[in-house]
Amino acid sequence: MDVKIGRDAPPQHSGVPGPPRTHPALERGWQGWHVRFHQWRKNAAPCLALLGALLALGPPSQAQTTSPYRLVSGREWMLLGTGATLGTTSLALRAAIEPLTAQQIALLDFDDVNEFDRRNAAPYREDDAADALLIASYAIPLTLLASSPIRRDWGTVAVMWTETTLLQLGFTGIVKTTAKRTRPYVYDPNAPMELKQKPSARMSFFSGHTTQSAANSFFAARVFSDYTKSTRAKVLVWTGAALYPALVGHLRRETGHHFNTDVIVGYCVGALIGYLVPELHRARGHDFIRTQTIQDGVGIGLHFAFR
């Protein structure tokens, strides 16, 4: 069933406030952590990640001789520099975004949104669940340290995760601040006006929550797969890696923060960056997909083996 959130939509709730969802002290504490995390993510995260990478880019350790990955100075500086440049540029572009005025909001027509996004758009709700999942996604790569081979190779993995973080944050920020797409809740007459008039209300495309959780999940799954031979473990890890950002994207759409295309593109971008950065660092002889030419008296064929 279509959800109407345009100017002619009926009210989604009454004006009578309901009972508090949580104890006021707990809610204030969560909001404080939430605000601090987003400030860290937008301002300090790229700088701290770059510093961590520079510390990790020391002389190759003995563990790297058996690592499935290799660090190459020129490539690492290029990836780190690209990510840092994208992140710095996106912060400057974000500061230049002008919020929508009340007059501009009043003139918005929900029918101008494409049918695919309009069909499943949802009314505004607070999205504490997706915020919590986003924060938790940054702990997913840390679970790799439970593996002793990965712990011995922590410097290489740390550099790759740093590059992944810088690239996904920077690229997402650049697209958001140039596309300036209006979020679904801006069309919702019941959403708070102060929320609609924030610069972030014009940063719908594409979903940063989905991108970040996908990048962290796919990065962890990709690295884990290169250090283990257990097919069963790989299947379980990849299933979780695929479902986690899908849940985050679903929550972002169901609470009116994003359209369908926002979360789909965010999922794909995050997954690609999280997967491809480790792939770029693979050492020879550790291919994820190995091919072998088979020739007999009848013909020639190819054999694919997934490691």
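For this structure, a couple of remarks:
- Estimated FRET transfer efficiency when R0 is 35 angstrom, pair Leu142-Gln103 (beta carbons, to 0.05): 0.15
- Placing dummy labels 7 Å off each Cα toward the beta-carbon, the span from Glu126 to Arg152 is 4.9 nm.
- Ranked by the mean number of other Cβ atoms within 10 Å per residue, highest first, peptides 96-104, 144-152, 209-217, 222-230 order as 209-217, 222-230, 144-152, 96-104.
- Interchain or long-range residues, amide H under 5 Å from Met203's placed H: Arg183
- Leu91-Leu236 pseudo-label distance in nm [points 7 Å out on the Cα-to-Cβ vector]: 4.1 nm
- Inter-site label distance for Val72 and Arg284 at 7 Å from Cα along Cβ, in nm: 1.1 nm
- Hz values of 3J(HN,Hα) by residue in region 189-205 - Karplus curve (6.51, -1.76, 1.60), Gly and Pro given as x: x, 9, 6, x, 5, 5, 6, 5, 9, 8, x, 5, 5, 10, 10, 7, 9
The numbers here are math on the coordinates, done by the rules we state, and not lab data. What you are looking at is a predicted structure, and each value in this text was computed from that prediction instead of being measured. Positions of Cβ are generated from backbone atoms using ideal geometry, with glycine treated the same way; all protein chains shown enter the neighbour counts.
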